[in-house]
Amino acid sequence: MSDDVSSISDNIKRVQERIAEACVRAHRDPDSVTLVAVSKRKPTDAILDALAAGVQHFGENRVQESQTKLPQVAAQLNDLPPPIWHMIGHVQSRQAKYLVPLFSVFHAVDSVRLAQKMSKLAQEEQRQLDIFVQVNVSGEVQKYGLHGADWRKNSATVDQLVADVGHIMAQPNLHLRGLMTMAPYDAPEAELRTVFASLAALKSELESQLSVTLPDLSMGMTDDYPIAIEEGATVVRVGRAIFGER
Ligand SMILES: *Cc1c(COP(=O)(O)O)cnc(C)c1O
């Protein structure tokens with residue numbers, strides 16, 4: 001165990017308390033929110049400590065790091081339950097073949113082409129992958145995701161989103177759980193709320209146009225997860241508040 005063991009379990013308790021408090025404010029069941037501990041650039045010991053403290057879901061975002069770290073964790077589990085691994089970062093099509101065998105959940109599917117590729121790989125391995133479609137609702141140019149900033153005002157944007165999400169959903173061996181977004185860094189609270197509320201409303205719009213239920217919204221990180229929960233997040237991706245600065 002690492003020297004940080006007590007601080008990691010204390011940090012997890014604190015994050016779980018803040019999740020519960022946000023759920024109270026939003027009149028939601030705390031069990032409706034899943035914590036994904038983002039362990040990118042952190043050592044295997046830290047992941048084992050978090051597993052021992054009861055965290056089940058872990059997020060990583062790089063191919064090479066995952067290829068070495070995930071098998072290392074698997075080899076050191078002893079009596080701990082195996083983690084459920086979430087790929088939270090952007091995936092290039094040519095990387096998909098390395099990632100599909102390692103991860104169960106993909107948060108940043110952002111093109112029909114990538115979904116087709118992942119579906120084919122999942123079929124070959126006879127696996128089902130949980131996916132989220134990443135939508136760029138903040139409009140920042142450096143952000144990945146399907147274009148969605150002007151969806152409330154521009155019907156062409158909605159039509160394109162409906163078409164793309166419809167094609168992605170139709171791929172075999174992929175199970176679309178919902179939408180994911182990243183809020184701008186250091187934005188004022190009102191702006192964060194607008195971004196999160198926009199993704200939540202877009203989910204409803206897609207549900208009604210596609211006649212489907214999309215149960216999940218993956219949104220909220222260390223600096224903003226309580227706000228994201230108040231605006232409807234069901235999955236929060238928290239790194240620094242658990243493992244410290246990177
Ligand atoms: C790094 C990362 C996180 C976690 O960020 P923290 O600020 O450490 O909580 C969440 N989501 C994505 C997509 C990330 O890349």
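Observations
- Descending semi-axes in whole angstrom, ellipsoid equivalent of the range 112-246, from the Cα gyration tensor: 25, 19, 13
- Percent breakdown of C-alpha pair distances by 10 Å bin, ordered from the shortest bin, for the range 95-183: 18, 48, 26, 7, 0
- When each of 219, 169, 87 is scored by the number of other beta-carbon atoms lying within 10 Å, the sequence from fewest to most is 169, 87, 219.
- With kT/(6 pi eta Rh) evaluated at 37 °C and eta = 0.692 mPa s, and Rh the Kirkwood radius from Cα pairs, the chain diffuses with a coefficient of 178 µm²/s according to Stokes-Einstein.
- Cβ charges +1 (Lys, Arg) and -1 (Asp, Glu), total dipole of the chain, debye: 660
- Sequence-separation-based contact order of the chain, relative, with Cα cut under 8 Å and 6+ spacing, percent: 21
- Charge dipole of the chain about the Cα centre (unit charges at C-beta), most positive-ward option of 181, 68, 38: 68
- The calculated 222 nm mean residue ellipticity attributable to helices in the chain amounts to -13500 deg cm²/dmol, summing -39500 (n - 2.57) over DSSP H runs of n ≥ 4 and dividing by all residues.
- Charge context of residue 67, other residues only, Cβ under 14 angstrom, K/R +1, D/E -1: +2
- Applied to the range 223-233, the Karplus parametrisation 6.51 cos²θ - 1.76 cosθ + 1.60 on θ = phi - 60° returns per-residue 3J(HN,Hα) values of 7, 9, 5, x, 5, 4, 5, 4, 9, x, 4 Hz, with x for Gly and Pro.
- Principal axis box of the range 1-87, alpha-carbon based, largest edge first, Å: 41, 27, 22
- Working from the Cα coordinates of the range 38-134, the gyration tensor eigenvalues give, after taking √(5λ), semi-axes of 24, 13, 12 Å in decreasing order.
- Note on residue 143: lysines with a C-alpha under 23 Å away, same-chain residues under 8 apart excluded, are 40, 117, 153, 203.
Quick note: the coordinates plus some simple rules give every number you see, no bench work behind them. These numbers come from a predicted model, not from an experiment. Positions of Cβ are generated from backbone atoms using ideal geometry, with glycine treated the same way; all protein chains shown enter the neighbour counts.
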